[in-house]
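Values quoted throughout were computed directly from the atomic coordinates according to the rules given, and no laboratory measurement underlies them. The shown structure was predicted, so the numbers you read here are calculated from the model rather than taken from an experiment. Backbone-built Cβ (ideal geometry, glycine too); neighbour counts: all protein chains shown.
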Amino acid sequence: MGRTLLLLIAIVATLVVLGSWDNRRQMQRVLDEGYATTAQIAGAQYQRKMPLAADGWRPRFVEQELSVDLTWQGKDGKTHTFRKVPISDSLARTIVNGDQVRLIPVPVKVLDDESAVPVITSDASARLASLQSWLAAAGYAALAGWAGFAAMTLLPRRGRGRRTITAAPAQPLPPKRTFVGLGLLVVGGFLAFSAWSAGRSADSVAMGGQEVTADIVDATPAKTGYSVRLAWKDGQGAVHHYGPIPISEAYWNKITQNGQLTVRQATVRYRPDEPQVRPLIVDDAPEQHWSTRLAMGAGLLLMMFGAAFFASGLRARRNVS
């Protein structure tokens, strides 16, 4: 019973991780590629009992308690409607009074794409923070569930009641793919967690940072990639230094020629209240977002393959015994 419960927790938590990560990925895509307009709130619904939405054939996890329906006039001249757009608790408190919802216009970023969930710009920071919390909680629960399920499956069971001195048949060893599955789960979990941590830091800077022009002190190539060191002044005239900061190959090619630095300044965003947080180079942000999404996707894919290998190994062990 305990093993079945742990397996259920692991599977549900993994699905929540996948849903939260996909929401974050889609949200970042709309923020990067979408255009700003004004949408009208046309309705709202609570998602307590059914935190799911269907955009055509594609299911979507709705991580917030309340979602709204939005209508706007698109660049293509058509009226677009999107249902079940999640909103944070802080925004919900401003538009909900009891069972009544204020049908007010809100600033949004949108894509005229039926699969792209609109982002209410005034709610973007709170939603990103909420998604990071969901990813952290669900990720820890998934890792704990898979680890507990593996331990209860692989460790020998102890008999209950009085001890009897009888010779027990030797238990067959788990197939190699069971251990391969565990390894993939661990590696995938570590990779996904690292990508989540990097994305969380970048989101806090992108949404709450201050934009300044920084000097590129130097740019350095390395076997594992490229990096730069930056220096800039804040509003009080204090000089800040940060580096080395990893950059993409595309940005390296933009600021150098034949390995020599040719661009001496860059627009960056940084957190004045948290100077230890890595600043974000604005021109390199799309490439960095892509790298983070790729690492997160790879980690989750490894976890899925690991779960499949692990389950296959357990099934083979059960058939042998």
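Extension gain for LEU301 to THR262 (0.36 nm times residue separation, less C-alpha to C-alpha distance): 10.1 nm.
What FRET efficiency do you get for TYR35 and LYS176 if R0 is 51 Å and r is their Cβ-Cβ distance, rounded to the nearest 0.05? With a Förster radius of 51 Å, E is 0.45. Applying 1/(1 + (r/R0)^6) with R0 = 51 Å to the Cβ-Cβ distance of LYS49 and ASP234 gives a FRET efficiency near 0.55. Projected over all directions and averaged, the alpha-carbon convex hull of region 2-127 occupies 8.7 nm². A simple packing score, the average count of other Cβ atoms within 10 Å per residue, orders the peptides 135-147, 250-262 as 135-147, 250-262, with the highest score first. To the nearest 0.05, what FRET efficiency results for THR79 and MET152 with a Förster distance of 45 Å applied to their C-beta separation? Using R0 = 45 Å, I get an efficiency of 0.25.
Listed from fewest to most Cβ neighbours within 10 Å, the set PHE193, PHE149 follows the order PHE193, PHE149.
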